[in-house]
Structure formats: structure tokens, C-alpha cells
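First the structure, in the form of C-alpha cells, and then the observations on it.
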Amino acid sequence: MAHCRKQLVSILPSASCNLNCRYCYNPTFRKIKPEHQRIDIDFAIAGIRDFFDSNESRMIRYYSAGEPSIAFEEMKIIRDEANKMAGGDLRVELQTNGCFNEEVASWVDKYSDVVWISYDGPQEIQDRNHLTKAGTGSHAIVTKNIREFVKNKKMQFGVRATVDPIDFHRLNEILDYFKSLGIKYACLASVFSSTALGSDTKKLRLLDFAKEFAKSFHYAQSIGMFIQTHLIFNFDEKVKIACRACTPCPHLTPDGYVTCCDETSLGPGYLPGLLQELTYGKWDPRTKKIKYFPEKIKRIRVRNICNLKREECKTCSILENCAGGCIPKSFYVTKDMYTPSEEVCEATQYLATKIPLNQGRFPFLHS
Ligand code: SF4
Ligand code: SF4
Ligand code: SF4
């Protein structure tokens, strides 16, 4: 389903995490000032109100620069206030590492309509990738929570698996494992390395991932599952913009900024310079209002199919099923939000030869 259908306001309540994952894409959270660790509840409520005033959607989403449930008390208050604003008709999505106790699990089970847990597969893989602060594996507690959520018929539940290149050949085995737990939906992505985080982008091996993903896409359907990846999230429906970031949909950061994307989960004080382009508002605790930056909003909105700067895009036959793809996945490499990277382009084009386009909407929106 066209990713831009996912119209919601994302609240990033916490900047801390209870895990210490091997490939954490966001190590900056370890140096965050104490006053930026938790969202100001007044800011969250103001951001939700502004969003509801300008958008028909009544959906909020919890995500985080760390793990949202670290700020569980704030999450409960914000959800209740948002539900009042929505006239009791609020929808809630949560993206989490799934490492929480029964009290949190029971709240999630009761109030969430959509839940995505970062979960990489069988115990050996999960415990290798997702470590606790004590250095132990997280598989047991996360799997316990997953087993409960898959029973919830009112919840759309899925897992978000990050795949290390050493596991590319194991995608079907990973899917079999998910299936054995009753999981129907999964979003898979290769480990995201970036120049911004000091990694070598050549190690991304995105095309190798795409080749394995294409095989597993069809395998998943044969076992009653459906899988996605960020490279195909608009393969079922033609679009003008790649995703909600280009609307822009607000992401309220714990340090008081409004950004348009999950990967700008903190404000300019913590972001690599180029990503600051994706910040378009700032909370003023004195006036209790959010100041928006119209010039920034304009620049984000023109990231559409008419303005992509990669020369090939002008004549690309899948332009409207790509629309330039996920912004930061290319931005880190090309240093320009309008220019998709060669690797992303190559992997997307490959997948378009293996996965049929525009055959009816996918059953869920990408995480
Ligand atoms: S759960 Fe996410 S934020 Fe926390 S350590 Fe793992 S990758 Fe980093
Ligand atoms: S597949 Fe490549 S050329 Fe085609 S629209 Fe996407 S980035 Fe541009
Ligand atoms: S991470 Fe990519 S898909 Fe997600 S909001 Fe940002 S640009 Fe869109």
C-alpha cells in the first residue's frame, strides 16, 4: 500500500534504550543530555492537536530514538489525551524492541491497533543482534511478548527484521521461524550502514539482499505470510511521493523538534548536518506553541516524482512505484534529498523485475 497513506503523528517519547544492539543505528542516544531524554508531554499534546487540526487521520504512533516504552508513563498520558482529542476514536501504532514487562505488554495489548516489534529471527540470530545492557540475549522476553500479541485478533501485528549480510541466505528459514510463532507480517531490511555513522556503504550489499528478498517474497506467500521491504513499499500503487515523510507527517522528538522521518529521531543538536533539512518545527516551552518553518516544509514537499535529480529517473518506467524511495537511505550517500543513490536505484529496479507491480494493495503499510 502506498506508504504515503500512512498518515499519522509519530511521538518519540524517549531517547534511551534498554538494549544494546550490535548494529544500533542510533548510537548518539547514549550522549543525549538529561533534559532531552523524555518528551515534554505538553509538546506531544500540542503536536497531536496541530496534526489533528490539519489532517483527517486520528492516528498516533510511538517510535523512539531508543525504546519508546522507557517513557511508559508519558505514553499512557499522551494516549489518553489524544483519545479525548479524537473523540474516543483514536488509533495507535507502536514500533518497539518488544523488551518490556507484563504491565507494559498488557497496556500495549489493550490499546494498540498496529504493533511492530524489531525481531530478527530464531534465538541464535536474535540473541546475537539484540543484546541487553548486561550483554545477555533478548530472545526470551521478546518472544514471550510476541506469543501474546499474535493472539490479539484486533491488532495488526508484525515484526521488523534487520538482516545481517551473513544471514541473507537464511531468509526462508527466518520466515519459517516467524510462521511457527503465528506471525503473518514481516518487514525485512538489510543492516543499514551509512557514511553518517562512519560505516562503509559498499558493505550494504543491497542488491544481494534484494536478490534473496525477491525469492522470499514469493516463498512467504506460499506459506501464508506477507513480507515487505523499504525498496518495494510502493510497488502496489502508483504514487507522487515516496512516503509520509514528504507530506510531511510530524515526528515529535524528545528534544522538542518536529521532523518528518524516523531517522531524524532527534533534533539538529544530535543530527548529522544534512539530516537537519528534515527538521521543520520547534517547540517553544515558553509560549507552549510549536513554531513551524514554512521554507523547510516547502523543500520537503517538493521531494516528489517531478523533482528527483537522478538523471535516470526522468525516463524510468517504475518512477511512480519508486518515487525516489526512502529519503535517508540515499541522503547519507548522495548528500542530497532529491537524489536517490545508485545502490538503492539498482536494488529497486532489480526487485521490479521479480515482483509484479500494481496488482492490488499489499495487506499492510510498511513499518
Ligand atoms: S532497540 Fe533500537 S535503539 Fe535500542 S539499542 Fe537496539 S537498535 Fe538501538
Ligand atoms: S528506480 Fe532508480 S531511476 Fe527509477 S525512479 Fe527509482 S531511483 Fe529513479
Ligand atoms: S525512514 Fe524512509 S520510509 Fe521511513 S519515514 Fe523516513 S523516508 Fe519515509
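The values are calculated or read from the model by the stated rules, or taken from the named source; none is laboratory data. None of the values given here were measured: they were computed from a predicted structure. Cβ: placed from backbone, ideal geometry, glycine included. Neighbour counts: every protein chain shown. Each accessible area value is taken on the protein alone, full model and side chains, heavy atoms only, with ligands, DNA and RNA left out. Shrake-Rupley method; radii C 1.70, N 1.55, O 1.52, S 1.80 Å.
Per residue and in cubic angstrom, what volume does the convex hull of the Cα atoms of the range 1-115 have? Let's see the in-between values first.
Values: hull volume 13.8 nm³, N = 115.
Output value, Cα hull per residue: 120 Å³.
Rounded to whole Hz and in sequence order, give me ³J(HN,Hα) for the range 294-300 from the Karplus expression 6.51 cos²θ - 1.76 cosθ + 1.60, θ = phi - 60°, writing x for Gly and Pro.
x, 5, 5, 4, 4, 5, 5
For the range 262-270, what does the Karplus curve 6.51 cos²θ - 1.76 cosθ + 1.60, with θ = phi - 60°, yield as ³J(HN,Hα) per residue in whole Hz, taken in order and with x for Gly and Pro?
4, 7, 10, 7, 9, x, x, x, 10
Based on alpha-carbon atoms only, what is the radius of gyration of the chain relative to the globular estimate 2.2 N^0.38 Å? Working shown, then result.
Values: Rg = 19.3 Å, N = 367, 2.2 N^0.38 = 20.7 Å.
Dividing the Cα Rg of the chain by 2.2 N^0.38 Å gives 0.93.
Report, ordered by chain and residue number, the lysines lying within cross-link reach of Lys151, taken as a straight Cα distance under 22 Å and ignoring same-chain residues fewer than 8 apart.
Lys110, Lys179, Lys184
Ignoring ligands, DNA and RNA, what percent of the 1.4 Å accessible area of the range 220-284 is carbon and sulfur?
Numbers: 820 of 1540 Å².
Whole-percent figure for carbon plus sulfur exposure: 53.
For the range 287-354, which chymotrypsin sites (Phe, Trp or Tyr not before Pro) pass both filters: DSSP loop (anything but H, G, I, E, B) and at most 14 other C-beta atoms within 10 Å? Display every interim value, and only then the final one.
Working: sites: Tyr292, Phe331, Tyr332, Tyr338, Tyr350; in loops: Tyr338.
Filter output for the range 287-354: empty list.
Measuring with a 1.4 Å probe in the full set of protein chains, what accessible area per residue, in whole Å², belongs to the chain? Walk me through the intermediate numbers first.
Working: 15240 Å² over 367 residues.
The answer is 42 Å² per residue.
Calculate I(q)/I(0) for the range 242-342 by the Debye formula, one identical point scatterer on each C-alpha and no solvent, and give its log10 at q = 0.22 Å⁻¹ to two decimals.
At q = 0.22 Å⁻¹ the computed log10 ratios are -1.11.
Please give me the summed charge of the neighbours of Phe178: other residues whose Cβ is under 13 Å from its Cβ, Lys and Arg +1, Asp and Glu -1. Provide the component values of the computation, followed by the final result.
Values: positive: Arg147, Arg160, Arg170, Lys179, Lys184; negative: Asp120, Glu173, Asp176.
Net charge in that neighbourhood comes out at +2.
Any lysines with Cα under 21 Å of the Lys291 Cα? List them, leaving off those in the same chain fewer than 8 positions away.
Filter leaves Lys282.
Whenever you get a sec, compute what percent of the accessible area on the range 285-333 sits on carbon and sulfur atoms (1.4 Å probe).
Working: 1680 of 2940 Å².
Using a 1.4 Å probe with all protein chains present, the range 285-333 comes out at 57 percent carbon and sulfur.
Taking the Cα centre as origin and putting +1 on Lys and Arg beta-carbons and -1 on Asp and Glu beta-carbons, what dipole magnitude results for the chain, to the nearest 20 debye?
On the way: 51 positive and 43 negative charges, 109 e Å.
So the magnitude is around 520 debye.
Under 5 Å between amide hydrogens, which residues at least 5 positions from Arg160 or on another chain qualify, with H placed 1.01 Å from N in the peptide plane?
Under 5 Å from the amide H of Arg160: Ile117, Ser118, Tyr119, Cys187.
If you plug each phi of the range 172-185 into the Karplus form 6.51 cos²θ - 1.76 cosθ + 1.60 with θ = phi - 60°, what whole-Hz ³J(HN,Hα) values come out, in order, with x for Gly and Pro?
5, 5, 4, 5, 4, 5, 4, 4, 5, 8, x, 7, 9, 10
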